[in-house]
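All of the numbers you see were taken from the coordinates with simple rules; none came from a lab. All values derive from a computational prediction rather than experimental measurement. All Cβ positions, even for glycine, are placed from backbone atoms using ideal geometry, and neighbour counts span all protein chains on display.
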Amino acid sequence: MSGKEILLSCSVFKGIEISALEKIEAISDLITAERGEQIFAEGEQATHLYVVGSGSIRLCISILILQSEQEILMEAKQPGELIGWSALFPPYELTMSARADEKCQLLKIPGQELRMLCEQDEHLGFAVMSRMASIISSRLRLMERMFAKELELNAPSI
């Protein structure tokens, strides 16, 4: 797939003017991640966001269980989905790790340059940021459900 095709497959970029997509494609790189390869790690500085072109990506958090650090699967991302969106928002720190579940093609977009494009083109900026708000809201709901489940399982009886 071309960079433009990958962008068009992503809900964040659907319906955006072709000229704006071409600018995003121009600052982006197509990369391949092999099965098991780490794309980014929780806690690192978020410099890029990625659109999955093919394959699947596991998003995990690390937690300490019985004195041993374990990776816990939070989400699996498929073609057309976005990862690493922390590159768009302060403090620009990754909140999960991403690892290729199989060989993947990704479009790697530099966060700072995309932010600059969004500032220069307010239509692009509004479209991207309003769609990102939906993704962030979904992540918050996921975390709320997981927290509620944990409380349900581990809260002391009254």
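When a/c is below 1.5 the answer is rounded, else prolate if a/b is larger than b/c, else oblate, so apply that to region 59-150 with a ≥ b ≥ c taken from the square roots of the Cα gyration tensor eigenvalues. Please list the in-between numbers first.
Working: a/c = 2.15, a/b = 1.69, b/c = 1.27.
Prolate.
Report, by chain and number, residues whose modeled amide H sits under 5 Å from the one on Lys103, excluding near sequence neighbours (fewer than 5 apart, same chain).
It is Arg35, by chain and number.
Here are a few candidate values for percent of Cα pairs over 27 Å apart: (1) 30; (2) 26; (3) 18. Which one was actually calculated from the structure I just gave you?
Here percent of Cα pairs over 27 Å apart agrees with entry (2).
Subtract the Cα-Cα distance of Gln112 and Glu5 from 0.36 nm times their separation in residues, and report this length gain in nm to one decimal. Intermediate results must be reported in sequence, preceding the final value.
Details: separation 107, 0.36 × 107 = 38.52 nm, distance 2.20 nm.
Extending this stretch completely gives an extra 36.3 nm.
Distance in nm between label sites at Glu150 and Leu64, each 7 Å beyond Cα in the beta-carbon direction?
About 1.4 nm separates the two model spin labels.
Using just the helices of the chain, give the 222 nm mean residue ellipticity in deg cm²/dmol: DSSP H runs with n ≥ 4 each add -39,500 (n - 2.57), and the total is spread over all residues, rounded to 500. Mind showing how you got there, number by number?
Numbers: 4 runs with 60 residues, N = 158.
One gets -12500 deg cm²/dmol as the mean residue ellipticity at 222 nm.
Using θ = phi - 60° and the Karplus relation 6.51 cos²θ - 1.76 cosθ + 1.60, list the HN-Hα couplings for region 93-107 in order, rounded to whole Hz, with x at every Gly or Pro.
Running phi through 6.51 cos²θ - 1.76 cosθ + 1.60 with θ = phi - 60° gives 10, 6, 9, 9, 9, 10, 9, 5, 7, 7, 4, 10, 10, 10, 9 Hz.
Karplus couplings for region 34-49 from phi (6.51 cos²θ - 1.76 cosθ + 1.60, θ = phi - 60°), rounded to Hz, Gly and Pro as x?
For region 34-49, the Karplus curve yields 7, 3, x, 6, 7, 8, 7, 10, 3, x, 6, 5, 8, 9, 9, 10 Hz.
Kyte-Doolittle cut-off -1.0, length cut-off 18 Å along the helix's own axis using Cα: show which whole DSSP H helices in the chain pass.
Going by DSSP H runs, the hits are 122-154.
What does the extension gain come out to for Ile18 and Lys103, with contour length at 0.36 nm per residue minus their alpha carbon separation?
On the way: separation 85, 0.36 × 85 = 30.60 nm, distance 2.86 nm.
That pair, Ile18 and Lys103, stretches by 27.7 nm at full extension.
Within straight cross-link reach of Lys149, meaning Cα distance under 27 Å, which lysines are found once same-chain residues fewer than 8 apart are removed?
Lys77
Taking a spot 7 Å from the Cα of His123 along the direction of its beta carbon, which residues of region 20-56 have an amide N less than 17 Å from it?
20-25
How big, in percent, is the set of alpha carbon pairs in region 77-118 lying more than 13 Å apart?
On the way: 512 of 861 pairs.
Percentage above 13 Å: 59.
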